[in-house]
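The values are calculated or read from the model by the stated rules, or taken from the named source; none is laboratory data. Worth saying up front: this structure is predicted, and the values here are computed from it rather than measured. Heads up, the Cβs are rebuilt from the backbone with ideal geometry, glycines too, and the neighbour counts pull from every protein chain shown.
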Amino acid sequence: MSVDMDIATVNRIGAQLIAIGDDMEREWGKFRRTVETKRTGIGVDPLGTAFLGEYRPAESSVLSHADPLPEQ
C-alpha cells in the first residue's frame with residue numbers, strides 16, 4: 001500500500017494556515033476587547049437575557065481556545 005501526497009496542495013494549504021495563525025496572533029487582543037465591549041449592552045431585557053444564555057457558552061469556548069495564543 002502506498003500513500004501519494006500532492007505536495008503543491010499541502011504547501012498551499014500550509015501557507016494559508018500560517019497566514020490565518022499570523023492574523024489571529026496579531027489581531028486577537030483587539031478582537032477580544034471588541035467581544036467584551038459589545039457584550040456589555042446585551043442582557044438587560046428578557047430577549048437579551050435569553051440570547052446571552054445561548055451566547056455565553058460559545059463565547060467562553062472561543063476565549064478559552066484563543067486566549068492562550070501568544071501575544072506580540
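Numbers for the structure displayed
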| read-out | value |
| --- | --- |
| Given (1) part of a helix (DSSP H, G or I); (2) more than 14 Å from the chain's Cα centre (by Cα); (3) at pLDDT 85 or above, number of the condition T34 does not satisfy | (2) |
| First in the range 47-60 and free of Cβ contacts under 8 Å to residues at least 24 places away in the same chain, second anywhere and of a type in the set (V, I, T), Cβ under 7 Å, 6 or more apart | G48/I42; F51/I42; L52/I42 |
